[in-house]
Amino acid sequence: MEYERIKELLVPSSKVVITTHRSPDGDAIGSSLGLYHFLILNGIEASVIIPDPDPEFLRWMAGHEHITVFELDQEKAKSLISEANVIFSLDYNRLDRIAEMGAWVEKASAKKILIDHHIDPATYFDFSLSDTSASSTAQLVFQFADNLGWNSLLNKEIAECLYSGIMTDTGSFKFSSTSAYTHRVVADLMDAGLVPDHVHNSIFDNNSYDRLQLLGYALSNKFEFDADLGISIIGVSLSEKNRFKYQKGDTEGLVNYGLSVKGSKMAVFLSEELNFTKFSFRSKGQVDVNKIARAYFNGGGHKNAAGGRLDISLKDAINYLKDVIQNKISL
């Protein structure tokens, strides 16, 4: 990363757009808003654009009210992208991860800066901070700001945003991507005013009654575990989600229950949507779900956490998944 050249781009006269992936999670929103606040404090005009709405449990973060949702306000989003001097791509590294918005980012004349921790980044970015060993994109935003000399601006609002990204993407610091540096970053965030339990409660302890009923139903009725293979499968249909008044984010973390079973090596959660099914993969140790997701499920991600999507029903998706497990992969 050529920080001196980037400093020349990020000046008060600049117009900056921050983008992140569809179905934005805690790292996507936390890293984007953290960077947004750093830019604003430097007197730089900045906007955050997300492809589609994020879950309600992330909307408490400072600055969230300034986010533009491409799906809901395309004219504003297209105008911001077209007029930008700099466009950041956070927590994704290929334009197909931002859906229809990708075509507008691709043809924009702005300089494009990647900050991301997923494997195999595309090469069309002008500057890249890509580190697959990093715990989260939020951690990389902290590193990016530090290398620009901005961390003197670190405040409670930024700290809460970045911590949200780090905490959620490390599974509350239990994933192998959590490093000593990750904890040192969190210590700096705490020195800036972060109260970790406030963030944890805001994200994890605001469940609706319907969400807990859905989780209970899924675990009681839709959970399969193959002890011989060490694989857990949970699949929930669109009609089942609607029965429990599903809201975006209500199944967040459900896949982790499958991985928590003694003897489980891999867990898969399938969520049926209108005309397609989403897959969430989690694994332990050397089981590489990124390779599985890329090879068979039009997806990818990290070694121990990945996602995918197929344009088929839940029933067909489960049958296809079981065929892949039995005939095409070995754990």
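Some observations on this one:
- Residue check, Lys248 touching an Asp or Glu at 6+ places or on another chain (Cβ under 9 Å), over 19 Å from Asn327 (Cβ atoms) and not hydroxyl-bearing (Ser, Thr, Tyr): yes
- Output for segment 148-171, where each listed residue is under 15 Å from Leu194 (Cα atoms), assigned to a loop (DSSP other than H, G, I, E, B) and free of Cβ contacts under 8 Å to residues at least 60 places away in the same chain: Leu154
- When each of Lys291, Lys328 is tested for being more than 27 Å from Thr178 (Cβ to Cβ), among the charged types (D, E, K, R) and out of contact with any His (no Cβ under 6 Å at 6 or more places or on another chain), the lone residue that passes is Lys328.
Here's the yes/no breakdown for (1) modelled with pLDDT of 95 or more; (2) more than 18 Å from the chain's Cα centre (by Cα); (3) of a type outside the set (Phe, Trp, Tyr); (4) closer than 19 Å to Tyr163 by Cα:
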{"site": "Pro24", "(1), (2), (3), (4)": "yes, no, yes, yes"}
{"site": "Ser32", "(1), (2), (3), (4)": "yes, no, yes, yes"}
{"site": "Leu39", "(1), (2), (3), (4)": "yes, yes, yes, yes"}
{"site": "Asn42", "(1), (2), (3), (4)": "yes, yes, yes, no"}
{"site": "Asp52", "(1), (2), (3), (4)": "yes, no, yes, no"}
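- Residue identified as farther than 21 Å from Phe57 by Cβ, under 19 Å from the mean Cα position of the chain (by Cα) and surrounded by 19 or more Cβ atoms within 10 Å (Cβ to Cβ) among Gly308, Gly235: Gly308
- Scan of segment 195-219 for residues that are in contact (Cβ under 8 Å) with a residue 40 or more places away in the chain and not in a helix (DSSP H, G or I), ordered by number: Asn206, Ser208
- The lone exception for Leu114 - which of (1) under 17 Å from the mean Cα position of the chain (by Cα); (2) under 17 Å from Ile166 (Cα atoms); (3) not in a loop (DSSP other than H, G, I, E, B) it fails: (2)
Matching residues to (1) touching a His at 6+ places or on another chain (Cβ under 7 Å); (2) over 19 Å from Val48 (Cα atoms):
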{"site": "Arg97", "(1), (2)": "yes, no"}
{"site": "Gly102", "(1), (2)": "no, no"}
{"site": "Ile115", "(1), (2)": "no, no"}
{"site": "Tyr124", "(1), (2)": "no, yes"}
{"site": "Lys156", "(1), (2)": "no, yes"}
{"site": "Gly165", "(1), (2)": "no, no"}
{"site": "Ser172", "(1), (2)": "no, yes"}
{"site": "Leu194", "(1), (2)": "no, yes"}
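- Output for segment 244-263, where each listed residue is of a type outside the set (D, E, K, R) and more than 21 Å from Asn304 (Cβ to Cβ): Phe244, Tyr246, Gln247, Gly249
- Criterion applied to Leu72, Leu90, Leu58, Leu35 was being of a type outside the set (S, T, N, Q), out of contact with any Cys (no Cβ under 7 Å at 6 or more places or on another chain), surrounded by 21 or more Cβ atoms within 10 Å (Cβ to Cβ) and more than 22 Å from Trp150 (Cβ to Cβ), and the one residue passing it is Leu58.
- Qualifying residues in segment 264-292 (those that are closer than 17 Å to Arg309 by Cα and aliphatic (A, V, I, L, M)) - the one surrounded by the fewest Cβ atoms within 10 Å (Cβ to Cβ): Leu274
- Identity of the residue in segment 176-194, under 20 Å from the mean Cα position of the chain (by Cα) and not in a helix (DSSP H, G or I), that ends up modelled with the lowest pLDDT: Ser176
- First in segment 1-30 and under 15 Å from Ile81 (Cα atoms), second anywhere and surrounded by fewer than 18 Cβ atoms within 10 Å (Cβ to Cβ) and not β-branched (Val, Ile, Thr), Cβ under 7 Å, 6 or more apart: Ser14/Glu45; Lys15/Glu45; Lys15/Glu83; Val16/Glu45
- Only one of Asp197, Asp205 that is modelled with pLDDT of 95 or more, exposed (fewer than 12 other Cβ atoms within 10 Å of the Cβ) and closer than 27 Å to Asp27 by Cβ: Asp197
The values are calculated or read from the model by the stated rules, or taken from the named source; none is laboratory data. Quick caveat, the model's predicted, so the values are computed rather than measured. We place every Cβ from the backbone using ideal geometry, glycine too, and count neighbours over all the protein chains shown.
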